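Enquirer: Handing you a structure now.
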Amino acid sequence: MMLKKQKGIAAVEFALLVPVLLVIALGLAQVGWLLSNYVMVANAASAGARYFASQRGTTTPYTGTQTQVQTSAAVLNTGNLSITASVNGGNCTSDSACASDLTSAASASAVATAAVTVTYSNFSPLFKGSLSGLYSMMPSALNATAVERVQ
């Protein structure tokens, strides 16, 4: 007699647990997507800084660094990347300015640093909408900075 009353209990338990498990699974996927994109941005900044720090004495350090960063971040939408290069804390925005800064910084101080900051704007989350706030917690831009010693 008791068996007939418990016939649909598994279906009810399943119906109660599925939304919770679905939110957890979607949240994990969303965070995984964010971390994956951030690692790509950080790797691009690191590759750019390594390249930029080794360009003392060359004529196109800024253009070459931009190319290096875009090549390293080829999986991302490179149109959304912005790249900032600096030598000893001072920004340089052209090949001639960067070449001059790299040469003078390396000869003037014992330790000269080259930094590259990469910003990935318009970051698009994997899932959009307002499902339990998963979308609202995602940043709109990802940025990473890498610093290397000028060689």
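Quick note: the coordinates plus some simple rules give every number you see, no bench work behind them. Computed from a prediction, not measured in an experiment: that's the story for all the values here. All Cβ positions, glycine included, derive from the backbone under ideal geometry; neighbour counts span all protein chains shown.
Enquirer: Only one of the values (i) 11.0; (ii) 8.6; (iii) 12.1 was calculated from this structure for mean projected area of the Cα convex hull in nm²; name its label.
Expert: Of the labelled values, this structure produces (iii).
Enquirer: Could you check which residue among Ala29, Ala45, Ala73 shows the biggest mean-square fluctuation in a GNM of the chain with a 10 Å Cα cutoff?
Expert: Checking each option, the largest mean-square fluctuation is seen for Ala29.
Enquirer: Further question: Given the DSSP H assignment, sum -39500 (n - 2.57) over each helix run of at least 4 residues in the chain and divide by its residue total; what's the result at 222 nm in deg cm²/dmol, nearest 500?
Expert: After summing the helix terms and dividing by the residues of the chain, the value is -17000 deg cm²/dmol.
Enquirer: Also, I was wondering about something else. Need the C-alpha centroid separation for the stretch 81-98 versus the stretch 15-40, integer Å.
Expert: Here the two parts' Cα centres lie 37 Å apart.
Enquirer: Take the Cβ-Cβ distance between Val75 and Ser54 as r, set R0 to 25 Å, and report the resulting FRET efficiency rounded to the nearest 0.05.
Expert: Once the sixth-power term is evaluated, E becomes 0.55.
Enquirer: Pull up all non-local amide H partners of Asn143: gap of 5 or more, or a different chain, and H-to-H distance under 5 Å with H placed in the peptide plane.
Expert: For Asn143, whose amide H was placed from the backbone, the distant partners under 5 Å are Tyr120.
Enquirer: Want the number for Ala97 to Val147: 0.36 nm per residue separation, take away the alpha-carbon distance, what's left?
Expert: Gain in length upon complete extension: 16.2 nm.
Enquirer: Now a separate question. Run through the stretch 1-109 and list the chymotrypsin sites (Phe, Trp or Tyr not before Pro) located in a DSSP loop whose Cβ has at most 16 other Cβ atoms within 10 Å.
Expert: Taking the stretch 1-109 and a limit of 16 other Cβ atoms within 10 Å, no loop chymotrypsin sites (Phe, Trp or Tyr not before Pro) are found.
Enquirer: With r defined as the distance between the Cβ atoms of Ser121 and Val20 and R0 fixed at 41 Å, what FRET efficiency is calculated, to the nearest 0.05?
Expert: It comes to 0.75.
Enquirer: How large is Rg/Rh for the stretch 39-116, to two decimals, with Cα atoms and a Kirkwood Rh?
Expert: That ratio equals 0.98.
Enquirer: Next question. Roughly what would the spin-label model give for Thr67 and Val12, points 7 Å off Cα along C-beta, in nm?
Expert: Label at Thr67, label at Val12, 6.9 nm between them.
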